[in-house]
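Data first, discussion second: the structure below is written as structure tokens.
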Amino acid sequence: MAEDKDSAEAIVSEVHRKISEAFDVFDHEFNKTVDVREIGTIIRSLGCFPSEGELHDIIAEIEEEEPTGYICFEKFLPTMTTVLMERRFRPIPEDLLLQAFEVLDQQKKGHLEPEELTKYLTQEGEPFTPEEMEEMMSAALDPDRNVIFYKDFVSMMSVDNHR
Amino acid sequence: MCCNILPRHPHHIPTAMRAALLIQRWYRQYVARLEMRRRCTWNIFQSIEYAGEQDQIKLYNFFGYLMDHFTPASSERNLISHIFREHDIGRDVEWESYKSIEVPELYSGPHLSFPMTFSNAAELVEAFKNKQLHSRYVLQLLVESWRRLRILPNISQISTCHSKEITICGDLHGHLEDLLLVFYKNGLPSSERPYVFNGDYVDRGKDSLEILLILFSFLLVYPNDVHLNRGNHEDHIVNLRYGFTKEVLGKYKLHGKKILKLLQKIFSWLPLATVIDHKVLVLHGGISDTTDLHLLSRVDRHKVTNPLFTFFFICYKVFSHRTLLINIPTLIVDLLWSDPMPQDGCIPNDVRGGGCYWGPNVTEEVLRRHNLTLLIRSHECKQEGYEFCHNRKVLTIFSASNYYEVGSNRGAYIRMGPDLVPHFIQYQANSEDCVCSVGQTERSALKALREKLFAHKSELVSAFQVYDPEHKGRISLGNWASAMEAVLKLGLPWRMLRSQLVGETVDGMLDYQLWFRELSITEHKTELSNANLLETMYKNHSNLETIFRIIDTDNSGLISLEEFRQTWKLLSTHLQTDISDKAISDLAVSIDFNKDGSIDINEFMEAFRLVGGDLLQHEDDPSAQVLHEI
């Protein structure tokens, strides 16, 4: 039992170090605080896939009572540790992602028109900003045919993600 | 299956919306990870740059060690006399000798006539895209520039009268394409378009000399509208290390040495600062709590040829006692080398080895004391090309885009009118030509990092073995990360970088000997069976090159075997490495590739590049760019 406890502690302490590292990357003034606008990036880079709504909930939990625009590490660490230990906001498997694109491709063409994709992603769900849409489009759009071959797009992005 | 998509949302939401939500969630995660990679890459470049500066301090420590152990009869005497020889800058008469240099008929580059005209200067800008200026004109241009600079005050006072907007540029570091981009976007300098250039024109990039020649030309044509501040790289000893000396000697084999000597004089005559409308102070590095512009305007600035070096030896043993050091070199070093910090106070800048870190309270006080409203400085690379700090009272402007690597950062310049509000124009050279992915920049940073790892191999192995007392050859990834930071002290997020640096792991355990073997694919012409020696070479790489160039007094690019042996022996005593005389001799002989009794410094440096070792093979990585000289 003692070994189990040790290894459990070791696991937690390794998780703490991981979180601390990610946090420090954005701690520009070296005072263990980060701009609240970078919290999403930090959480996601630790392997989580929260929605915007879920992100706002977390931020509300860890913000100061009178929000200063900064999040301090002391509050971030316990919350983030729980998130990681509970494996909340799990990754989206590639096949599920593909299914989502297929749903949007109502005519089952095998590709999407830029206008179609733009309409869905900027009007439905948690809409993209124009900048987000433009960025994704520039990566997704096939320049010759002017459509989005979503199967290729998903494969390409998944390779990049595994690097 | 549907609860996998959105566990928190009720099922009556239309499928299309759920699909959109999924895609958005996935894409935002991808963007965040990309941003993290970009930041980590940036951190790698910055920490390696700072480690390089620590290296320079080590070099100066070595010189100090030499001083301490100096005995007239010893072999050290030669080396020391090289370092401390009085630089015979020469009298005016010598410089007129350029007149005897003939320009051959075959020469197809620009011909300069003096006094220079605007079209001459514009022609030069155009010509430098693919031509080199003849040494006769180089020397003549430099002599004329020197004549002009020596009558300028230490601090230039300029104004935005007649509704003129002033353009302010930061570090260029030999990036000619960035200067050309600025001129393209903003126009060439003229009396309608005054410019302030804030130092660091040379080193690192490959066209430092061309940048200087262009800036000096416009200085001659529009002496009241072009202002050049001195940067910390306008310093001969810094140039030995960071590439400018090598560039000039490479481009001008016959007259390079003369050009360098003349430049050394010119650098010391560059003004220290510029003040706009008595309100905005522009200088290269920064300030300290002792900065006094009235005092600075009265010093003989040209007497300090090599600020950092001089400063270092004045305070070699009392470096930490800043209050003892109010003297001219210190005042100048502070201006050229300091960096801002977020906390109040003023402490020695131990990363750079000179100058200080100054806080917001010092900014307040110095600005108040001189009745100023803004400090514009350069000296530090910023991802967006510019950055405010200290409640927007300090502005850093940096004009060399892609400074660390293609895609690492933008450059920027400032336009400022009579309202003294800075407007920024950003740019990035080559952004259309190449697809600058985060991946490409990242690969370059990782290559540079691997070289560092290789140079510290034995220390790292020792650190790993602490976690592996039974010498099974494996450690956990968590311990790997702790050991890496303990040895390298680069302050990098090792757990984030792990997947990029370490290939295969089994059960979360790393076989570290195998890992090192994979890392150390080197390409060298020498048969170096002595691994210890090889590692020491890598570790002291830049310092060795600098020392060799100092020894190479006739700037021939060659040093003798004997000089090499002597230098190496001294260095290894100082570093306390146990390398036998025989090993050193063997090394010297093996490096003398053409067996003529002398070593070509460039060849020597090339022989110790770490090539390959890219653990994750990428098909789309054609010509790998080794970040060799950072």
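Since every read-out is calculated from the coordinates, none of them should be taken as a lab result. Computed from a predicted model, the values in this text were never measured in an experiment. Because the Cβ atoms are built from the backbone with ideal geometry, glycine has one as well, and the counts that use them run over all protein chains shown.
Between B:L575 and A:A10, the FRET efficiency estimated from the beta carbon spacing at R0 = 56 angstrom works out to 0.90. For a straight C-alpha distance cut-off of 17 angstrom, the lysines reachable from B:K447 (same-chain residues fewer than eight places away being disregarded) are B:K457, B:K539. Identify all aspartates and glutamates with a Cα-Cα distance to B:K595 below 18 Å; exclude those on the same chain that are fewer than 8 residues away in sequence. Partners within reach: B:E527, B:E562, B:E563, B:D586, B:E603, B:E606. For the stretch A:73-158, the relative contact order comes to 29 percent (Cα pairs under 8 Å, sequence separation of at least 6). Local charge for B:E35 was computed over the other residues whose Cβ lies under 10 Å away, with Lys and Arg +1 and Asp and Glu -1, and equals +4.
Applying a DSSP loop filter and a limit of 11 other Cβ atoms within 10 Å to the trypsin sites (Lys or Arg not before Pro) in the stretch B:414-502 leaves B:K472, B:K489. The distance linking the stretch B:189-261 with the stretch B:547-580 is 29 Å (Cα centroid to Cα centroid, whole angstrom).
Order these by the 10 Å Cβ neighbour count, fewest first: A:D24, B:D203, A:D95. Intermediate results must be reported in sequence, preceding the final value.
Values: A:D24 19, B:D203 26, A:D95 8.
Going from sparsest to densest Cβ surroundings: A:D95, A:D24, B:D203.
With a 10 Å cut-off around each Cβ of A:123-131, the average count of Cβ atoms from other chains is 4.
Full extension of the chain segment joining B:S458 with B:D419 gains 8.2 nm, where the gain is 0.36 nm per residue of separation less the Cα-Cα distance.
Over chain A, what is the relative contact order in whole percent, taking alpha-carbon pairs under 8 Å and six or more residues apart? Before the final figure, lay out each step's value.
On the way: 120 pairs, mean separation 29.4, N = 163.
Here the relative contact order equals 18 percent.
With the cut-off at 31 Å, tell me which of the pairs B:K185/B:K382; B:K185/B:K206; B:K251/B:K279; B:K99/B:K246; A:K32/A:K151; B:K258/B:K452 have Cα atoms farther apart than that. Walk me through the intermediate numbers first.
Numbers: B:K185/B:K382 20 Å; B:K185/B:K206 22 Å; B:K251/B:K279 42 Å; B:K99/B:K246 25 Å; A:K32/A:K151 42 Å; B:K258/B:K452 36 Å.
Over 31 Å Cα-Cα: B:K251/B:K279; A:K32/A:K151; B:K258/B:K452.
Ranked by how many other Cβ atoms sit within 10 Å of their own Cβ, fewest first, the residues A:E21, A:E135 fall in the order A:E135, A:E21. Entry note, the stretch A:2-85: relative contact order of 35 percent, from Cα contacts under 8 Å with a spacing of 6+ residues.
Look at B:L112, B:L501, B:L249 and count the other Cβ atoms within 10 Å of each Cβ; fewest to most, that gives B:L501, B:L249, B:L112.
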